[in-house]
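Structure first, then comments.
Each value in this text was obtained by applying a stated rule to the coordinates, not by laboratory testing. Fair warning: this is a prediction, and the values are worked out from it, not measured in the lab. A quick note on method: Cβ atoms are made from the backbone with ideal geometry, for glycine too, and the neighbour counts reach across all protein chains shown.
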Amino acid sequence: MWLMVMFDLPVDTKTARRDYSRFRKKLVENGFIMLQFSVYARPCPSEENTDVHLKRVRSALPPQGEVRLLQFTDKQFGRMQIFYGKKRLPTEKTPEQLSFF
């Protein structure tokens, strides 16, 4: 399971830039990786873990701007097509899951 955060935050004032930086820093601290400038994603081993990270993102929301959250499976993430110019790049690898028996 993956959790994606997409955001469009204002940076027109010093306060807005500080809020943007704090929000982005919280995402990185919680294991999100940058896919594009305002698009971050994080692999989650279970739906319960996804809910934990959803709550963490909600608690870090800045006072202004737009933030969207999207959940999807590893299989759906693997079907993503990435293009750089006209050249297709491989999709990021899903991290290995640790299993206990």
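The table below gives the values:
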| quantity | calculated |
| --- | --- |
| Lysine pair number, Cα distance threshold 23 Å (strictly under), the range 2-89, separation 8 or more or different chains | 5 |
| The chain: angle of helix 47-59 to the longest principal axis, Cα-based, in degrees nearest 10 | 10 |
| Placed amide H near L35: partners under 5 Å, 5+ positions off or other chain | Y40, A41 |
| Shape parameters for the range 2-89, alpha-carbon atoms, Rg then Dmax in Å | 14.1, 41 |
| Summed side-chain charge close to K25 - residues other than K25 whose Cβ falls under 13 Å, Lys, Arg +1, Asp, Glu -1 | +4 |
| Theoretical ellipticity at 222 nm over the chain - DSSP helices of four or more residues, -39500 (n - 2.57) apiece, nearest 500 | -10500 deg cm²/dmol |
| Residue exposure sequence - Y84, Y20 - by fewest surrounding Cβ within 10 Å | Y84, Y20 |
| Per-peptide average of other Cβ atoms within 10 Å, ordering 37-49, 68-80 highest first | 37-49, 68-80 |
